[in-house]
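Since the structure comes first, as structure tokens, the remarks are kept for the end.
The values are calculated or read from the model by the stated rules, or taken from the named source; none is laboratory data. Bear in mind the structure is a predicted one, so any value in this text is a computation, not a measurement. So basically every Cβ, Gly included, is an ideal-geometry build from the backbone, and we count neighbours across all protein chains shown.
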Amino acid sequence: MAESTKRYAVVTGSNKGIGLETVRQLASNGITVVLTARDEKKGLEAVEKLKQSGLSGQVVFHQLDVTDPSSIASLAHFIKTQFGKLDILVNNAGIGGAIIDVDGFKAASESGAVVRGQIDWKKLVTETYELTEECLQINYYGAKRTAEALIPLLQLSDSPRIVNVSASMGKLKNITSDWAKEILSTDAENLREESVDEVVTEFLKDFKESTVESKGWPSSMSGYIVSKAALNAYTRILANKYPDFRVNSVCPGYVKTDSTFNAGLMSVEEGAASPVMLALLPNDGPTGQFFVRSEVSCL
């Protein structure tokens, strides 16, 4: 393949689950993919696994902690010196931000309550300020930091793509704060990054002061929901700011991964198909949208 037509991708948090499968599918499409993980040992093991399945030369590892600006800068420097540009960024790194009762969750999943959206999270999760803050640092700020550091390299591509892996739980119907909902639903032309940051800051303050419910935030899984709602808003900001990019967020569906204690309904292959589809969009493809699997959805 001629050097000029080679394509390069980064997938954050990709040593397992949907992230790993996204790497596999992109590499299978002839793209050179940087597999990243916080834990170097786990990351290298994941690359080795992919090499054994015939993707030798298509996948390389680089350590990445999306909460650490110096780690992100190191990745950006690596891509610049090794490849000279970046074509695809998949912000996949994410955590749930809560301690979950595994047996209770599996029982709710088997009864169909998870799929129907009738799960009583309050009975299943334990949330602390520390876990909630970490969730926002990774799911929202981590994706932002990574995008900001890599956008100069994406601007050197003929077909720059950013895919933010989100969740249906981040839909605005799950946030009853009128103030937050109004900001996060602002049209892309008038939506400001500072305003989204303000929503996140205000939420964390309310969480610390134990006023989450009275201020109209979700009563459980609140950190996760707010982080994904903020990520969806940030997606629209980026799409508006960089019209030559295709920038979208996506809920991959209810997938069998460690995050769902393998209680999901879909395989990782099916789950990764959506972010991969958005990573490979044509230049006239949709941008600034929230997808649930392969379909555009309301916020």
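Below is a table of values for the structure above.
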{"read-out": "The listed residue being closer than 21 Å to residue 228 by Cβ and of a type outside the set (A, V, I, L, M), out of 32, 12", "value": "12"}
{"read-out": "Count of the stretch 155-180 residues which are crowded, with 24+ Cβ neighbours inside 10 Å and closer than 19 Å to residue 22 by Cα", "value": "7"}
{"read-out": "Residue within the stretch 251-274 that is under 12 Å from the mean Cα position of the chain (by Cα), modelled with pLDDT of 90 or more and closer than 27 Å to residue 178 by Cβ present", "value": "yes"}
{"read-out": "Residue check for residue 78: among the aromatic types (Phe, Trp, Tyr), surrounded by 13 or more Cβ atoms within 10 Å (Cβ to Cβ) and under 20 Å from residue 257 (Cβ atoms)", "value": "no"}
{"read-out": "Residue count for the stretch 125-151, restricted to those that are farther than 19 Å from residue 164 by Cα and either surrounded by 20 or more Cβ atoms within 10 Å (Cβ to Cβ) or basic (Lys, Arg) (or both)", "value": "3"}
{"read-out": "Test: residue in the stretch 187-197 that is closer than 22 Å to residue 99 by Cα, modelled with pLDDT under 95 and assigned to a loop (DSSP other than H, G, I, E, B)", "value": "no"}
{"read-out": "Flag if residue 237 is of a type outside the set (S, T, N, Q), within 22 Å of residue 274 (Cβ to Cβ), touching an Asp or Glu at 6+ places or on another chain (Cβ under 6 Å) and not in a loop (DSSP other than H, G, I, E, B)", "value": "yes"}
{"read-out": "Set 32, 36, 67: member being in contact (Cβ under 8 Å) with a residue 24 or more places away in the chain, of a type in the set (S, T, N, Q) and crowded, with 19+ Cβ neighbours inside 10 Å", "value": "36"}
{"read-out": "Test: residue in the stretch 164-171 that is under 30 Å from residue 283 (Cα atoms) and over 20 Å from the mean Cα position of the chain (by Cα)", "value": "no"}
{"read-out": "Any hit, the stretch 17-34, residues being touching a Phe, Trp or Tyr at 6+ places or on another chain (Cβ under 9 Å), at negative phi and not β-branched (Val, Ile, Thr)", "value": "no"}
{"read-out": "Residue, modelled with the highest pLDDT, within the stretch 29-41, restricted to residues that are in contact with a Leu (Cβ under 7 Å, 6 or more places away or on another chain) and among the polar types (S, T, N, Q)", "value": "36"}
{"read-out": "Boolean, residue 55 is at pLDDT 95 or above and buried (at least 16 other Cβ atoms within 10 Å of the Cβ)", "value": "no"}
{"read-out": "Those residues of the stretch 91-113 which are among the aliphatic types (A, V, I, L, M) and surrounded by 21 or more Cβ atoms within 10 Å (Cβ to Cβ), in sequence order", "value": "93, 108"}
{"read-out": "Cβ pairs under 7 Å, 6+ apart, first in the stretch 268-295 and surrounded by fewer than 14 Cβ atoms within 10 Å (Cβ to Cβ), second modelled with pLDDT of 95 or more and in a loop (DSSP other than H, G, I, E, B)", "value": "283/159"}
